[in-house]
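Inspection log for the structure reproduced underneath, given as structure tokens.
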Number of protein chains: 2
Amino acid sequence: MPGILSDLRIVEVSAFVAAPLGGMTLAQLGADVIRIDPIGGNIDIGRWPLAPDGTSLYWASLNKAKRSVCIAVNTPEGQEIARALICAPGENAGFLLTNLPTGTWMGYETLRKGRDDLIMLRLIGNSDGSGAVDYTINCASGFPMATGRGGEPVNHVLPAWDVAAGLYLSTGLLAADRARQRTGRGQEVTLALSDVMLATVSNLGYLADVQVNNAVRPPIGNDLYGAFGRDFPTRDGRRAMLVAISNRQWRAIGKATGLAAQLAMVGPMMQVDLDTEAGRFAARHAICAVLEPWFAARTLAEVHEKLDGSGVLWGPYQDFGQLVHEDSRCSAVNPLFGEIDQPGAGRILANAGPLGFSENGRVPPAPAPRLGEHTESVLSELLGLSSAQYGRLHDAGIVAGPAAR
Amino acid sequence: MPGILSDLRIVEVSAFVAAPLGGMTLAQLGADVIRIDPIGGNIDIGRWPLAPDGTSLYWASLNKAKRSVCIAVNTPEGQEIARALICAPGENAGFLLTNLPTGTWMGYETLRKGRDDLIMLRLIGNSDGSGAVDYTINCASGFPMATGRGGEPVNHVLPAWDVAAGLYLSTGLLAADRARQRTGRGQEVTLALSDVMLATVSNLGYLADVQVNNAVRPPIGNDLYGAFGRDFPTRDGRRAMLVAISNRQWRAIGKATGLAAQLAMVGPMMQVDLDTEAGRFAARHAICAVLEPWFAARTLAEVHEKLDGSGVLWGPYQDFGQLVHEDSRCSAVNPLFGEIDQPGAGRILANAGPLGFSENGRVPPAPAPRLGEHTESVLSELLGLSSAQYGRLHDAGIVAGPAAR
């Protein structure tokens with residue numbers, strides 16, 4: 001199956017995480033996403049981690065299923081070619097996705113001269129136009145001060161704001177496409193990375209809590225806030241995260257561990273109603289005191305045996321290696337994954353997009369291109385360039401094909 | 001302006017974060033999102049944080065700009081009404097967004113009998129159908145083991161997988177709508193929360209690093225991996241996050257702090273090229289040793305004065321209270337925000353969607369409904385129920401309007 005967006009063509013001029021992820025999300029739904037990079041690659045081409053031959057596994061992972069075109073966009077002729085690709089005709093084309101500063105050649109008004117109905121998505125740092133990246137936004141979000149056990153802020157390692165921004169971009173592009181189908185009009189869609197953070201903090205109720213209660217959520221380690229949940233060390237030095245949100249899940253813990261009677265004593269002892277989330281949160285230390293020995297007496301494998309299928313909501317802690325080696329969800333058993341031949345990395349397990357469509361299926365995992373792999377074919381296909389014309393541009397250093405490695 | 005999706009109508013049967021966020025993302029683009037809840041509310045209706053009168057600020061924040069309908073979906077008559085709402089006619093309707101277990105009444109095949117082109121988005125825990133929530137997936141992701149300074153795993157507090165899942169749902173709904181516009185066919189779209197995690201870990205290169213290099217990213221505190229960045233305490237007990245990814249940003253640090261000459265000595269001393277990300281990462285402790293006294297001698301306000309507008313990429317750490325009280329981005333100065341009257345919470349600052357559209361503008365922030373606020377109007381509008389018919393259903397306990405508080 002060709003994918004639900006297989007008729008869409010998008011040009012991406014991007015770097016780092018958010019915009020490439022936005023493009024890749026659409027590519028993994030079947031869209032033809034053409035990433036234009038300067039010759040030699042953009043600023044993210046060598047980001048860590050690297051494969052032994054120097055290939056960036058970061059870049060390769062964030063640009064799967066795209067096509068790659070290399071153009072000297074610092075030259076007028078290169079800019080002209082890039083503009084022609086961005087503005088190339090087609091009802092389901094005319095999309096530009098970018099997080100790079102839009103100098104003169106890539107300004108929306110300039111580009112519109114080539115295609116009046118262009119849809120341009122632009123990720124910026126702050127809504128006032130100043131710069132920001134995930135790290136300099138995360139520190140301001142409040143989350144590092146509420147993470148860990150207190151004393152000092154803890155940055156989460158997941159670039160969560162970039163990930164969310166990438167998915168807002170894919171949503172925004174499809175919304176703008178839908179509007180253009182109806183009105184014939186394109187538009188510029190702007191997203192500030194700090195607005196993604198601010199909207200999310202607000203959406204989760206943190207801003208309201210400050211405004212209404214003057215309450216600032218403190219760090220409480222790995223405890224859930226307002227419900228029961230925490231991590232428990234096991235006998236073999238592993239850990240399990242245990243959670244009970246519903247009463248059904250709470251009762252399942254007592255049943256599966258055989259500790260129901262002891263756990264029931266916590267209610268009167270702590271004078272709370274354990275059939276409420278608030279009660280379980282208030283009594284969480286006493287609850288954990290009952291459960292700790294149970295986990296400490298068992299290996300993670302034994303915890304699996306007792307809790308899997310019991311209705312208990314729990315999960316094992318894994319490092320990235322254990323995720324790859326121990327978790328069957330992270331294997332070809334899961335339809336999300338398949339093996340690909342990734343230039344520079346070899347044959348590896350890689351993911352498709354996570355959305356499954358009953359009519360359109362799922363586009364199988366595809367590797368990232370080599371940098372410049374599609375320069376010649378895209379210029380031929382979209383702009384009708386002959387081999388001779390391509391050769392001239394190539395020899396003049398205006399475009400480049402894949403580098404020999 | 002009515003919003004870019006103002007002709008869309010979506011029914012949501014949901015709880016917690018991901019599915020409500022997916023619906024709210026579309027509501028904030030103008031879609032009419034009707035959340036159906038059991039009478040008295042779903043399992044998330046009382047989640048913390050709460051306003052003094054017991055209103056859930058969590059629920060209110062995640063359901064802004066929607067309409068609320070209360071139906072006894074545990075009764076055959078209630079199920080019939082809910083089905084009729086989900087399947088109500090309209091070219092731009094016939095969408096169901098849910099993360100609840102789809103018992104008989106809400107199965108896709110059952111619902112399709114009422115509307116053959118129904119688009120149903122279903123968030124599940126794991127792709128094999130087993131249950132999972134953000135917390136029990138996050139522990140398995142590898143991130144808690146790579147967060148903090150090591151020794152024990154650190155859960156990030158942001159429900160990042162739920163947030164990403166919500167935005168995959170909004171992307172997936174628009175993709176399915178686009179396909180239906182072309183083919184006339186609806187479909188079931190399935191998303192597993194753990195697949196969102198797995199895809200993201202893979203997209204960011206962590207899985208490839210394990211497979212290609214057998215390397216498992218260790219925790220390195222608040223240091224950036226593979227580049228220069230860290231937090232620095234200031235004289236007044238605050239902290240600043242400082243980052244240099246490009247060489248331009250790196251040189252800006254030397255210039256703005258007046259420490260360029262001293263920083264330049266780090267290169268030969270540590271035998272690295274400070275004009276590369278890898279060199280700056282390798283020499284980060286020496287770089288930080290030079291910069292620490294600079295921050296320690298200044299208040300956060302003085303750091304602002306020196307670094308703002310200097311080209312240095314940095315940000316202050318803030319707790320949620322400081323974010324609300326000190327950060328102008330978190331105020332009505334930012335077009336993202338506006339004041340709303342939120343029932344139970346009063347007049348508060350709340351966010352619109354973060355995407356700005358040059359043609360369609362941005363839908364202003366809107367409050368969440370009171371539970372059941374729109375039951376009567378929606379049943380009248382979509383199903384043509386008279387006041388008398390509504391009254392009968394209401395008195396029979398099949399539907400409910402807003403509870404008096």
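Values quoted throughout were computed directly from the atomic coordinates according to the rules given, and no laboratory measurement underlies them. These numbers were taken from a predicted model, which means no experiment stands behind them. All Cβ positions, glycine included, derive from the backbone under ideal geometry; neighbour counts span all protein chains shown.
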Stick to Cα atoms and the Kirkwood definition of Rh, then tell me Rg/Rh for region A:1-149. 1.01
I need A:Ser61, B:Ser387 ordered by Cβ neighbour count within 10 Å, fewest first. B:Ser387, A:Ser61
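Counting partner chain Cβ atoms within 10 Å of every residue's Cβ in B:98-108, what's the average? Display every interim value, and only then the final one.
On the way: counts 0, 0, 0, 0, 0, 0, 0, 0, 0, 0, 1.
Counting other chains' Cβ atoms within 10 Å and averaging over B:98-108 gives 0.
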Extreme residue, positive dipole direction of chain B, given options B:Asn63, B:Gly23, B:Leu242 (C-beta unit charges): B:Leu242
Counting alpha carbon pairs within less than 8 Å and at least 6 residues apart, what relative contact order, in whole percent, applies to chain B? 19
Charge dipole (chain B, unit charges on Cβ, about Cα centre) - positive-most of B:Gly205, B:Gly372, B:Trp48: B:Gly205
Can you list the residues, at least 5 places off or on another chain, whose amide H is less than 5 Å from the amide H of B:Arg239, using H built in the peptide plane? B:Thr234, B:Tyr317
What's the center-to-center distance, using Cα atoms, between region A:249-264 and region B:71-111 in Å? 35
Tell me, what HN-Hα J-couplings in whole Hz come from the Karplus equation 6.51 cos²θ - 1.76 cosθ + 1.60 at θ = phi - 60° for each residue of region A:172-184, using x for Gly and Pro? x, 5, 5, 5, 5, 4, 4, 5, 5, 4, 8, 10, x
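For chain A, which semi-axes, largest first and in whole Å, follow from the square roots of 5 times the eigenvalues of its Cα gyration tensor?
On the way: eigenvalues 462, 120, 71 Å².
After scaling each eigenvalue by five and taking roots: 48, 25, 19 Å.
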Separation of region B:274-299 and region B:335-394 by C-alpha centroid, Å? 50
List the residues, sorted by chain then number, that are 5 or more residues from B:Leu313 or on another chain and whose placed amide H is less than 5 Å from its amide H. B:Val243
Ignoring solvent entirely, what values of log10 I(q)/I(0) come out of the Debye formula for region A:173-216 at 0.17, 0.20, 0.25 Å⁻¹ when each Cα is a single scatterer? -0.63, -0.70, -0.83
Below 19 Å, Cα to Cα, which lysines can B:Lys306 reach? Residues fewer than 8 away in the same chain don't count. B:Lys255
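Only Lys, Arg, Asp and Glu count, each charged at its Cβ (+1, +1, -1, -1), so figure out the dipole size of region A:240-331 about its Cα centre, rounded to 20 debye.
Charge dipole, region A:240-331, about its Cα centre: 260 debye, nearest 20.
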Shortest-first nm distances, B:Ala261 label point to equivalent points in other copies (7 Å, Cα→Cβ): 7.9
Per-residue HN-Hα couplings for region A:226-231 [Karplus 6.51, -1.76, 1.60; θ = phi - 60°; Hz; x = Gly/Pro]: x, 7, 9, x, 6, 8
Quick one: net charge around B:Asn126, please, counting Lys, Arg +1 and Asp, Glu -1 for every other residue with C-beta under 14 Å from its C-beta. -3
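Could you tell me which chymotrypsin sites (Phe, Trp or Tyr not before Pro) in region A:278-354 are loop residues by DSSP with no more than 14 other beta carbons within 10 angstrom of their beta carbon?
On the way: sites: A:Phe281, A:Trp294, A:Phe295, A:Trp314, A:Tyr317, A:Phe320, A:Phe337; in loops: A:Tyr317.
The qualifying sites: there are none.
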Let me spell out the model: positive unit charges on the Cβ of Lys and Arg, negative unit charges on the Cβ of Asp and Glu, origin at the Cα centre of region B:157-314. What dipole size does that give, in debye rounded to 20? 280
What are the extents of the Cα atoms of the protein assembly as shown along their three principal axes, listed from largest to smallest and rounded to whole Å? 80, 56, 50
Sorted by chain and then number, the residues having a modelled amide H within less than 5 Å of the amide H of A:Leu97, at least 5 places away or on another chain, are A:Val11, A:Glu12, A:Val13, A:Leu121
About the Cα centre, charge dipole magnitude for the protein assembly as shown (Lys/Arg +1, Asp/Glu -1 at Cβ), debye: 140
Would you work out which of A:Thr136, B:Gly356, B:Pro343 lies farthest towards the positive end of the dipole of the protein assembly as shown? Charges go on Cβ: Lys and Arg +1, Asp and Glu -1. A:Thr136
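From Cα pairs below 8 angstrom and at least 6 apart in sequence, can you work out the relative contact order of region B:32-84, rounded to a whole percent?
Numbers: 61 pairs, mean separation 21.8, N = 53.
41 percent.
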Expected vector for region A:268-275, Karplus 3J(HN,Hα) from phi with 6.51, -1.76, 1.60 and θ = phi - 60°, integer Hz, x for Gly and Pro, equals x, 4, 9, 6, 10, 8, 6, 8
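Would you list B:Ser377, A:Ser68, B:Ser386 from fewest to most Cβ contacts within 10 Å? Please list the in-between numbers first.
Details: B:Ser377 13, A:Ser68 23, B:Ser386 10.
Ranking B:Ser377, A:Ser68, B:Ser386 by Cβ neighbours within 10 Å, fewest first, gives B:Ser386, B:Ser377, A:Ser68.
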Along each of the three principal axes of the Cα atoms of region A:288-405, give the extent in whole Å, ordering the values from largest to smallest. 76, 37, 23
State, to one decimal in nm and shortest first, how far the label point of A:Ala403 sits from each corresponding label point in the other identical copies (label point: 7 angstrom along Cα-to-Cβ). 6.3
